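Input: a single structure, listed below in structure tokens.
The values are calculated or read from the model by the stated rules, or taken from the named source; none is laboratory data. Nothing here was measured: the structure is a model prediction, and the numbers come from that model. Every residue, glycine among them, receives a Cβ derived from its backbone with ideal geometry; neighbour counts consider all protein chains shown.
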Amino acid sequence: MDCYEIVQANKHALMGHAADVGPSAEACGVFTHNGLLWTLTNLSEHGEFRIDPNDLLRVWAWTAAIWHTHPNGSLRPSTRDTAGHPANNVDGKRLGMVIATTDDVGVVIPW
Ligand SMILES: [Zn+2]
């Protein structure tokens, strides 16, 4: 998957994850190059997200984009999202960033 089209089934799954974690938490995971959606462990206890690095290592070779949910309804990345995103050529790849709310999904950084 070398474009940033998100199939409708994955949009619904992401919105479902946003709803499942509730209004005070975030869910997170990755999209793989072949379009699969993986949910990874969120280690944050402060309402944001911090992907378990062991989880990320297991899927890193296939990762095309990182997704997380926003309980506040905004598709805009927070300052922390932007600062912490490994978008700039880590291991020779540019990762996308996808943000989902309970009723929409946005691609912030295409991959
Ligand atoms: Zn965020």
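Hey, can you tell me all the residues within the stretch 51-73 that are part of a loop (DSSP other than H, G, I, E, B) and either among the hydrophobic types (A, V, I, L, M, F, W, C) or farther than 17 Å from Pro23 by Cα (or both)?
Taking the stretch 51-73 and keeping what is part of a loop (DSSP other than H, G, I, E, B), we get 52, 70-73.
Once the filter is applied, which keeps residues that are part of a loop (DSSP other than H, G, I, E, B) and either among the hydrophobic types (A, V, I, L, M, F, W, C) or farther than 17 Å from Pro23 by Cα (or both), the stretch 51-73 yields only Asp52.
Which residue out of Thr39, Thr32 is hydroxyl-bearing (Ser, Thr, Tyr), touching a Cys at 6+ places or on another chain (Cβ under 9 Å) and away from the ligand (no atom under 14 Å from the Cβ)?
On the way: Thr32 fails: touching a Cys at 6+ places or on another chain (Cβ under 9 Å).
Only one candidate qualifies: Thr39.
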Quick check, is Asp103 over 12 Å from the mean Cα position of the chain (by Cα), modelled with pLDDT under 90, surrounded by fewer than 18 Cβ atoms within 10 Å (Cβ to Cβ) and part of a loop (DSSP other than H, G, I, E, B)? no
May I ask you to say which residue of Arg80, Arg76 is touching a residue at least 24 places away in the same chain (Cβ under 8 Å), out of contact with any Phe, Trp or Tyr (no Cβ under 9 Å at 6 or more places or on another chain), among the charged types (D, E, K, R) and assigned to a helix (DSSP H, G or I)? Arg80
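Specify the residue that is nearest to Ile6 (Cα to Cα); the eligible residues are those in the stretch 60-80 that are surrounded by fewer than 16 Cβ atoms within 10 Å (Cβ to Cβ) and more than 16 Å from the ligand (Cβ to nearest atom).
Only one residue tops the list, namely Trp62.
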